[in-house]
Structures are given as structure tokens and as C-alpha cells.
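First comes the structure, then the notes that go with it.
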Amino acid sequence: MMPFRIGDRHVDPALNRITQPSGNTVQVEPKIMQVLTTLAERPGEVVTRDDLMARVWSGVFVTDDALHRAVRELRRVFDDTAEAPRIIETIRKRGYRLVATVTPAPPASSVSPPASPVIQSPVSAPRLKSWRIAAVLAVAIGGAGALLAQRGFTRGTTASSATASPLQVRFMPMTSDPGNEVDPALSASGRLAYVARGDDGRAHVFTKSSPEGVAAQVTHGDGTDHAPTWSPDEAQLAFVRMRDADCAIWTAAADGREARALMPCTAADEFHMSWSPDGALLAVTAGGATPQSPSHIETVTVAGAVRRVVTTPPAGQAGDVSPSFSPDGRSIAFVRAIGGSVTDIFVAPAEGGSPRRVTSDNGDILGVDWEPDGQHLVYSSDRAGGIGIWRIAVSGGEPTLVAGGGAKLKHPSVARRSGVVAYEDWQYEINLREQNAGADVAADGAAPISPTSDRWNFHPQISPDGRRIVFESTRSGQYELWVSDRAGAGARPVTRSRVYKSPARWAPDSRRLAFTSRRGGQVDLSVLDVDTGAITTVVTESTAAVAPAWSRDGTRIFFGSQRSGDWQIWAVDVATGHTRQETTDGGYAALPSADGQSLLVARLDRRGLWKRPLGGGHETLIAEQIRADQWPNWGLYDRGIFYVTWPDEGDPQLAVIDAGGPAAPRLLARLPDYSWSGIALSRDGSRIVYAHGDRRASNIGALAYSAR
């Protein structure tokens, strides 16, 4: 395509350059230029996403995020915005439209000063952080399993890429059926086992030999099946089967025959297992049914169902989950949850012994597995904002992003021969929804507050004066805090730090926010002035800081910390930075009582919300159902306490306990399609805001990569 002008910018497709009026030239990636030229060929017309994907990424599988990223970069180059577009307009649910005028132009060399500097686009600059480079590479797709090996996309090979990176990555979808496919497990040779809805409507185990292969349902029965894992010889599968309240570990032949129950499982809700390389043991998650029994890792003999405890998490922690045997069988990697979404990866001897911490993410880690060399781990983490696939040496150090750009990539499983990684690829559209807090929701006409496409909006909090809402959103590509009015209008980001933030809590003045964020291996507790944008860090913790909450007079912030060696509630004076320990017998999350004279404290080691006088004295249990790690789901309103509960198999429900009234909770509104923790209740108790899942879908993806 010949050079042309868009507005005051000179575009030279042959050189992938866009020249600004100042003469500075921005070098963009070829795919980004192709998106621009495709739109420029049809100015003023809507070009659908399908048309753009077919034109720019023909014959290569990529997610929509590749297109979204290209448009974001073009808007950056043209100083354009999605909210007030001058160049590219988003047509919701359809595609994009070039709204600027396109005119022919001579080559840039005849109109631009020859000495103009070339400014590298941020997504192609060679010195970018590795996680950002790899996020760009994650749009390139190749093969999976044996098919990837046939195409040469195995570890040790080099796949082409337009951007310099420590890793070369290729992707391919392994499943694309209607419904959700979860719990991927690759055999040593790359055969896939996973869970999907079976012919009876229940969750069962399926297998596939290649991405193009036909899926075979291999388990049946009156229960629901979870978390398959292959035996080393690929002759058997182990999985968990749930029947009503009963949970058992089963084994079966790879074709589903000879299924038998091995032994009861004791895990509360995390069932992922790992088969030892010699075929003798299964590593499983056990315990966790009560706060007094945190989950831990055990091994189970396949022949005799004999258990051995491998890990014993410290008292007061949430526990250990997601075990994975090393290729030599001597070690087990697992995820240790300090509390809530504060997790990291540890490695312990398979025979038992002291575990060693590998990561310092202090974030939400959703599965781990070993590379074939036994020297690196692959894991899912939100350490950079989005939930992607990361790689780290077992000895520790700085991790490298392998894959990002999807909404949520989790539970990686590695084929031990080829190094191919399978994972759950979740796509969400989560928006804030406001509805009547009473029981009769159907007649209310609930309305969305933050409608966006293919993004998450969650963790809402209503300001004390009732005028504004703060929430987290990924609409800018990362987890950031946004503020809008109560109806969702005028939404704007108030953070731009590209690190994960906790849910924010309003100060009594309805102007300041308190939140925590991760920075390297540390956690900052910060105060943000919404009106001025000023952010002040008031506490930096070397381990973790959680659940910030303002005092009633707005001078202090309460938070949970392990700085004393176990979880306790601390308070920091916002003006001076002075900290003081408030509890000595445990505490993870707390709120001041309505009169400011007591703390409402929740602990990890026992369920319930306890009221304790700030000056000391006897504490009282006031809400038995509340869990500490669910702290974004409970709070105060004018008449008492509110929280989310799951009373039955239906949708979760809003519950309230009136101050000074009976201790028994009152169940109010159902929360249909509740999708993320964090709710907000208006002070008068009439309206509730929560994260509503407009769309949720999961497929199994696979990738292969090689290190340069």
C-alpha cells in the first residue's frame, strides 16, 4: 500500500513507520501496521473483528487480545482515546471504524527531515521488561503435544518472532467445544485429559490425542469428576469423584475401564493431583475442611492407599494445594496460601521435610508444574496484573512471563517429553451490577453500572456519602483502580502503576482510598487522594499486608500483617506512619465498629467475626458464618453487618445481622451470576453492587517455547 496521511500523521506501510508533525518517526510492528492499513482501506466503514483477524492473522490462531493490543498501540501513537475517538472508534460487539480522513501522501523521506530520530514503539523496544515483551509474543500461536513436536515447536528450537524476547512462544487451542473445559493434564507424550460436561450433563473426564483429534469421554457414573492426572506409562488416569457430600480418589484405565475407588479424599475444594514418576504414589491435597485444619500435601500409595504427610503449613495459614512431583520424583512443588489470595510456590522433599520458598509473588497463584529438566517451574500467577503463565528457576530468582493476554490462564500442565504446556484459558466479561438488596430481585430491574466488553470490573465500594464508587477494572489492560459516579458515569482510572492492587476502602471523608499493592517482594499500604491523584505509601511490609480499613475518624488504617511472626491486626497513623499492634491472639481482617470503640476481627484459624473492645476486654462472637479470607465480601451498613453466604446449591445470597438485634442472620437478595469476591451495600441497606458474570468461557490451550 502506498504512503498516506491520517490527520496530521504520515503513514508509510512499506517501512512500518508513522511520522508525527514534529518529524519524529514511530516504528511499529508489522501486524499493527496491517491493522491500520486494513482500516484505512475502508475509511468510515465498520471493519469487523473477524475481518481484521482473518486479514492480519490469517492461518494463525490468536486470541482477540492481539487485535485489542494493536488498536491500543495505534491509539497511543495517534494520541487517540477510546472514550473520545478522533482516529479509531470501537463499535461495541462488532469491530472498529477509522473515523479520521485518509489522503494520499508522498513517501516520508521526501517530507520528513532526514535527521529525525526514530522512536521505538514501547512494544518493540529491545530493552523492555521481559514480562511485557513476552506478553507481546503471546499472540503468536503454533502447535501442541505431539503435533507441536512434529512442527518443530519443542523446547530447544527457535520459533520466529518480530520482537526480541528471552522466550520464543507458540500456541494452539486444544479444545473449542461448547461449554467449559477445565483441569488439563498432559501425559508424558502430550495426550490431553481434561474435564467437561458429559453426555449425562455431569462433569466427566475426556481425552484427546491431538488438537484436531476427536474427544473421547472416558468416565461415566452418577458423580462429577475433577482433576485427572496421568500415570507415567499413560495406561491409567487418577481423578476425584464427588457424589453429593462424598469425595473419593479414583483410578481407571486410560479408556475408562476398570474404574475403582482408591480411597476417600479429604480436600475441601482443591483436587489437583500428581502421579510420581515411578507410578507408585499420588501427591494430593488433604484437609482444609475447617479453619483448624489447613490444607496440606500428602502422598498416597496407589497399591494400598497408605497416606504420608509431606507438608505441615504453619498455624493460622490457609494451607498448601496443587502438588506436582519433580521429574526425578525426589521433590514436590506446591502452592502455599498464607491467606486469601496471598500465595507463593514452595518445594519440599517428597519424603517430607522443611519446604523451601521459590517465589515471592505474594499474589494469586493458580497451579504449578515442572519443566522436563527438573530445574525450572511453570506456574500461573497474577504477579504482573493479568493472570498469566510464568517460568522460574527452582533455585529462585526473577520469573519470566511465558504467556499473557488471555483473561485468566491457569492450572498449567507440562508434557514431560516435549515440554509443551497445557492450561485453562478463561475469557470473562464481568461488569458491576446494582440491584435491590431486598428478597424480591425479579421485580427490581437490575442494571449494569460498568458495561465493558471482554473485561473485568469487580471489587466495588460505595463512598460513605453515596456519590461515588471505586472498583477494580482491567479495561486498560492491567488491574487498576477506577472511580465513577454511582451510576457508573465518568469512569476514570486513579492508578496507573501496572501492579496488582487490593480492593480499596473509602475513608470517612469520601475522598481518600486505602489499598495495598505489590512491589517486588514487598507490599505497600498506600493512601490515594481521588481528587488530586496524590498517592502516599504509609506502610511497607516485607511479607504481606491485607484488608486495609479506616478508623471511624479517618486518622488510622487497620490491616492484617505477619510482621510479628503470625497474623495479627495492626494500625498505622496516616499522618505520622507510626504503627501499633492491635491484637495478640490472631487477626487477619478487621473493621472498626460503628461507634469506633471496638474492632470486628476475623481470623484464619477459626471461622466467625468477633467483636473486641479496642481498650481490651472480653470478645464476643457476632457472626459465625464469616470467613477471614472473604473480607471483601463483608462490611458495615447503618443497621448492622452484611456479608455474602452460600446457603444452598443456588446462587449466593446477601445476609445481614442487625446491630443490637438477634444474632441469627436475615437472608435477603440472591446474587445471580456472582463472579468475583467483593460487594458493596448502600448505607441504608437498600441497594447492593456486585460483580456480575455477563460471559464466562473456558477452553484448554497449549503452548511450546524455547529459551534463547
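The values are calculated or read from the model by the stated rules, or taken from the named source; none is laboratory data. Because the structure is a prediction, the values reported are computed rather than measured. Heads up, the Cβs are rebuilt from the backbone with ideal geometry, glycines too, and the neighbour counts pull from every protein chain shown. Only protein heavy atoms, including side chains, enter the accessible area calculation; ligands, DNA and RNA are left aside. Shrake-Rupley method; radii C 1.70, N 1.55, O 1.52, S 1.80 Å.
Using beta carbons and a limit of 9 Å, which pairs, at least six apart or on different chains, have the first residue in segment 69-80 and farther than 21 Å from TRP57 by Cβ and the second one assigned to a helix (DSSP H, G or I)?
Final answer for the pair search is ASP80/LEU74.
I'd like the full set of residues that are more than 23 Å from THR359 (Cβ to Cβ) and either touching a residue at least 60 places away in the same chain (Cβ under 8 Å) or open to solvent by 40 Å² or more (accessible area, probe 1.4 Å) (or both), limited to segment 503-536.
PRO508, ASP509, ARG511, ARG512, VAL530, ASP531, THR532, GLY533, ALA534, ILE535, THR536
Hey, could you check segment 360-400 for residues that are outside any strand (DSSP E or B) and among the polar types (S, T, N, Q) and say which is nearest to the chain's Cα centre (by Cα)?
Taking segment 360-400 as the starting set, the residues that turn out to be outside any strand (DSSP E or B) are 360-362, 364, 371-375, 385, 394-399.
If we keep only those that are among the polar types (S, T, N, Q) as well, we get 360, 362, 375, 395.
Numbers: SER360: 17, ASN362: 13, GLN375: 26, SER395: 25 Å.
Within segment 360-400, the match that is nearest to the chain's Cα centre (by Cα) is ASN362.
If you check THR576 against the conditions, is it part of a loop (DSSP other than H, G, I, E, B) and open to solvent by less than 20 Å² (accessible area, probe 1.4 Å)?
When the stated conditions are applied, THR576 does not pass them.
Are any residues in segment 550-573 open to solvent by 10 Å² or more (accessible area, probe 1.4 Å), within 31 Å of the chain's Cα centre (by Cα) and either closer than 25 Å to THR343 by Cβ or charged (D, E, K, R) (or both), and if so, which ones?
Passing the criteria: ARG556, GLN562, ARG563, SER564, GLY565, ASP566, TRP567, TRP570.
Looking at segment 530-549, which of its residues are under 23 Å from ILE338 (Cα atoms) and among the hydrophobic types (A, V, I, L, M, F, W, C)?
VAL538, VAL539, ALA544, ALA545, VAL546, ALA547, ALA549
Counting just the residues of segment 62-113 that are assigned to a loop (DSSP other than H, G, I, E, B) and under 15 Å from VAL28 (Cα atoms), which one comes out modelled with the lowest pLDDT?
Checked segment 62-113; the qualifying residue modelled with the lowest pLDDT is ASP79.
Say whether the condition of being surrounded by fewer than 21 Cβ atoms within 10 Å (Cβ to Cβ), in contact (Cβ under 8 Å) with a residue 12 or more places away in the chain and closer than 24 Å to LEU192 by Cβ is met by at least one residue in segment 305-323.
Scanning segment 305-323, I find no residue that is surrounded by fewer than 21 Cβ atoms within 10 Å (Cβ to Cβ), in contact (Cβ under 8 Å) with a residue 12 or more places away in the chain and closer than 24 Å to LEU192 by Cβ, so the answer is no.
Among (1) modelled with pLDDT of 90 or more; (2) part of a strand (DSSP E or B); (3) touching an Asp or Glu at 6+ places or on another chain (Cβ under 6 Å), which single condition is SER517 missing?
The failed condition is (1).
Scan segment 625-657 for residues that are exposed (fewer than 15 other Cβ atoms within 10 Å of the Cβ) and more than 24 Å from ILE338 (Cβ to Cβ) and jot them down.
Result: ASP638, PRO647, ASP648, GLU649, GLY650, ASP651.
Take THR543 and tell me if it is in contact (Cβ under 8 Å) with a residue 60 or more places away in the chain, in a loop (DSSP other than H, G, I, E, B) and either more than 16 Å from ALA680 (Cβ to Cβ) or open to solvent by 20 Å² or more (accessible area, probe 1.4 Å) (or both).
Here the answer is yes, as THR543 does meet what is asked.
For segment 594-624, how many residues meet the condition of being in a loop (DSSP other than H, G, I, E, B) and either under 19 Å from GLY678 (Cβ atoms) or open to solvent by 20 Å² or more (accessible area, probe 1.4 Å) (or both)?
Here is the first cut: in segment 594-624, the ones in a loop (DSSP other than H, G, I, E, B) are 594-597, 603-608, 614-619, 624.
Next cut, either under 19 Å from GLY678 (Cβ atoms) or open to solvent by 20 Å² or more (accessible area, probe 1.4 Å) (or both) only: 594-597, 604-607, 614-619, 624.
Going through segment 594-624 one residue at a time, the tally reaches 15.
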